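Note sheet for the following structure.
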Amino acid sequence: MEFTQIPHPSPTPAEAREEALKTPGFGMLFSDHMVTIDYDEAKGGWHSASVGPREALSLDPAASVLHYAQEIFEGMKAYKQADGGIALFRPEENAKRFNRSADRLAMPNLPEELFLEAVKQLVAIDRDWFPSVDGGSLYLRPFMIATEAFLGVRPAKQYKFLVIASPAGSYFKGGVKPVSIWQSEYTRAAPGGTGAAKCGGNYAASLVPTGQAFAKGHDQVLFLDAVERKWIEELGGMNLFFVFDDGRVITPPLTGTILPGITRESLIALLREEGLTVSEEMYSIDQWREDSASGKLLETMACGTAAVVTPVGKVASADGEFEIGSGGPGQMTMKIREKLVGIQNGTIEDTHGWVMKLD
């Protein structure tokens with residue numbers, strides 16, 4: 001599919017852009033352009049791909065996304081390489097997960113090659129938006145919404161796929177440091193639900209418990225399973241790994257209620273390369289507390305595209321709190337973070353074929 005190039009009438013002046021990129025934060029600053037591709041069942045599917053100015057969308061008040069929440073998205077990054085080039089990290093996995101989410105939300109699949117080309121088009125035109133801060137990247141947000149105007153309860157027949165970009169610094173204020181998490185009484189997802197899909201509704205349901213965690217002075221919220229309320233699932237936006245003193249590592253299994261993270265999958269491979277035995281097992285909050293107290297559990301790490309790999313230092317709930325190890329960043333957590341970031345930035349050899357260089 002050919003992409004139409006729409007000229008930007010007033011791109012951000014270079015001086016203003018460079019000033020903004022000194023303190024990009026996370027998710028607050030946006031580049032000049034966006035990609036759009038339309039879908040219409042009556043027209044045979046996907047059509048009208050374009051790269052143009054980032055601008056407001058015009059939606060009918062009856063658009064399906066506003067009433068029945070047919071919406072999915074991805075989170076990925078473009079990285080500046082040590083040689084000055086630009087690369088993506090496992091973007092084909094984002095394309096595959098995007099379509100799995102589409103299947104669950106009764107939305108049309110987007111051909112993987114079209115997903116990848118859309119991302120490449122945006123990175124190419126907004127390559128000057130890479131922040132100069134340490135650890136900076138260009139965060140990419142591909143997403144799809146249902147645009148058909150109707151109020152009947154059925155899958156829409158018209159959709160819009162878009163990609164926008166946000167220059168990003170550190171996800172957590174203050175950079176890499178152990179985070180404190182709050183165990184919520186709410187649950188994120190139930191068996192048979194949409195927990196494995198990356199859809200907005202899952203995140204909307206997490207906002208109240210996340211707000212409670214913030215109000216109590218914590219950085220993230222922890223969700224347990226919806227059935228027995230004892231098995232650890234994930235944080236508000238990250239997967240978890242538990243590192244033990246006997247060389248074992250446990251991460252909760254993908255049973256349909258946990259988002260299958262691409263960073264999670266990458267860490268499993270990297271940890272095994274370090275000689276650790278990684279297994280996907282159910283792990284309870286009570287066992288977590290007990291293993292932390294006994295010293296069997298050395299470290300807990302959280303991971304995701306935005307936060308990369310982050311040490312967990314403390315867990316709190318209505319029943320009290322406990323520390324992981326000494327409460328500081330664990331050695332394996334920091335080692336595996338440095339290795340992953342090195343692969344993404346091109347300072348460590350990519351032996352897995354994960355990095356897709358764009359130039």
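Things to note:
- Hydrodynamic radius of the chain per Kirkwood, over alpha carbon pairs, in Å: 21.5
- When each of Lys77/Lys157; Lys22/Lys80; Lys22/Lys216; Lys120/Lys160; Lys80/Lys216; Lys96/Lys314 is checked by Cα-Cα distance, pairs over 25 Å: Lys77/Lys157; Lys22/Lys216; Lys80/Lys216; Lys96/Lys314
- Under 20 Å from the Cα of Lys335 - aspartates and glutamates, other chains or at least 8 residues apart: Asp134, Asp245, Asp246, Glu265, Glu273, Glu274, Glu299, Glu349, Asp350
- In the context of the full set of protein chains, residues of the chain present 44 Å² of accessible surface per residue (probe radius 1.4 Å, heavy atoms only).
- For segment 267-317, GluC sites (Glu not before Pro) are listed when DSSP marks them as loop and at most 14 other Cβ atoms sit within 10 Å of their Cβ; the list is Glu274, Glu281.
- Calculated from the alpha-carbon coordinates, segment 4-168 shows an Rg and a Dmax of 16.5, 53 Å respectively.
- Loop-located GluC sites (Glu not before Pro) in segment 22-127 (DSSP state not H, G, I, E or B) with no more than 16 neighbouring Cβ atoms inside 10 Å: Glu55.
- Of Phe322, Phe89, Phe242, the residue with the greatest mean-square motion in the GNM of the chain, using alpha carbon springs below 10 Å, is Phe322.
- Cross-link reach list, aspartates and glutamates versus Lys198, counting only Cα pairs under 12 Å and skipping chain neighbours closer than eight places: Glu71, Glu74, Asp103
- Top positive-direction residue, dipole computed over segment 179-345 with Cβ charges, set Ala213, Gly325, Gly247: Ala213
- Dipole magnitude (debye, nearest 20) for the chain, charges at Cβ of Lys, Arg, Asp, Glu: 300
- At 0.890 mPa s and 25 °C, Stokes D of segment 179-345 from Kirkwood alpha-carbon radius, µm² per second: 154
- Once C-alpha pairs closer than 8 Å and six or more residues apart are averaged by separation and normalised to the residue number of segment 179-345, the relative contact order reads 23 percent.
- Rounded D (µm²/s) - segment 107-258, Kirkwood Rh over Cα pairs, Stokes-Einstein at 4 °C, 1.567 mPa s: 70
- Taken over segment 180-279, the ratio of Cα radius of gyration to 2.2 N^0.38 Å equals 1.12.
- Asp134/Glu92 FRET efficiency (R0 41 Å; Cβ-Cβ; nearest 0.05): 0.90
- Accessible-area composition of the chain, carbon plus sulfur, in percent [1.4 Å probe]: 51
The values are calculated or read from the model by the stated rules, or taken from the named source; none is laboratory data. Remember, it's a predicted structure, so these values are computed and weren't measured experimentally. Ideal geometry is used to build each Cβ from the backbone, glycine not excepted, and the neighbour counts take in all protein chains shown. Only protein heavy atoms, including side chains, enter the accessible area calculation; ligands, DNA and RNA are left aside. Shrake-Rupley method; radii C 1.70, N 1.55, O 1.52, S 1.80 Å.
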